[in-house]
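J.: A single structure is presented below for examination.
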């Protein structure tokens, strides 16, 4: 069984990730990653380091500026954790995404179900993502990627 404190801290990290994308400042998602951390897809695209992750969210924001308001809710569940040592762990969870352009309300139709395989590192007492690898499992008919991971500036 996983250490309950580790679980609470990683759940808080994942919840903060979702909140910043959906209701906060998406560019600040990069601050939830270790300085050398990466965020990538199973298809190979990968943004490495906070600057690259921040650039991916800036490109997402540019798309939003053209499309108008983006309404999204990232729902994470089924967290499974494995502590590696005092300052590192690995985990997996599932994303259920509802998203649409325009102000709410929208029909409650899932856009994406995706697996997240993460590694975490504790730096200066705080848990951060060392890596986030995502893989699509179910894709809604209106799905179109909005986060250009791996793009060069």
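Coordinate-derived values only; no laboratory data. Computed from a predicted structure; not experimentally measured. Heads up, the Cβs are rebuilt from the backbone with ideal geometry, glycines too, and the neighbour counts pull from every protein chain shown.
J.: On a 0 to 90° scale, report how tilted helix 4-22 is relative to the longest principal axis of the chain, with both axes built from alpha carbons and the result rounded to the nearest 10.
T.: Result, in degrees: 20.
J.: Something else: Counting only the backbone N, which residues of region 1-41 are under 18 Å from the spot 7 Å out from the Cα of residue 143 toward its beta-carbon?
T.: 40-41
J.: Between residue 108 and residue 36, how many nm apart are label points set 7 Å from Cα along the C-beta direction?
T.: 4.5 nm
J.: Also: Can you quote the Å³ per residue value for the convex hull of the Cα atoms in the chain, rounded to an integer?
T.: 113 Å³
J.: Here is a further query. Run the quick spin-label model on residue 62 and residue 23: label points 7 Å from Cα toward the beta carbon, then report their separation in nm to one decimal.
T.: Placing both labels 7 Å along Cα→Cβ, they lie 3.0 nm apart.
J.: Could I ask something else about it? Tell me, what is the percent relative contact order of region 4-139, built from C-alpha pairs under 8 Å that lie six or more residues apart?
T.: Here the relative contact order equals 24 percent.
J.: In region 13-39, which residues have a backbone nitrogen under 16 Å from the label point lying 7 Å from residue 124's Cα in the Cα-to-Cβ direction?
T.: Under 16 Å, as judged by backbone N against the label point of residue 124, lie 30-37 of region 13-39.
J.: Sticking with the crude label model, points 7 Å out along Cα→Cβ, report the distance from residue 88 to residue 69 in nm, one decimal please.
T.: Using points 7 Å along Cα→Cβ, the separation is 4.4 nm.
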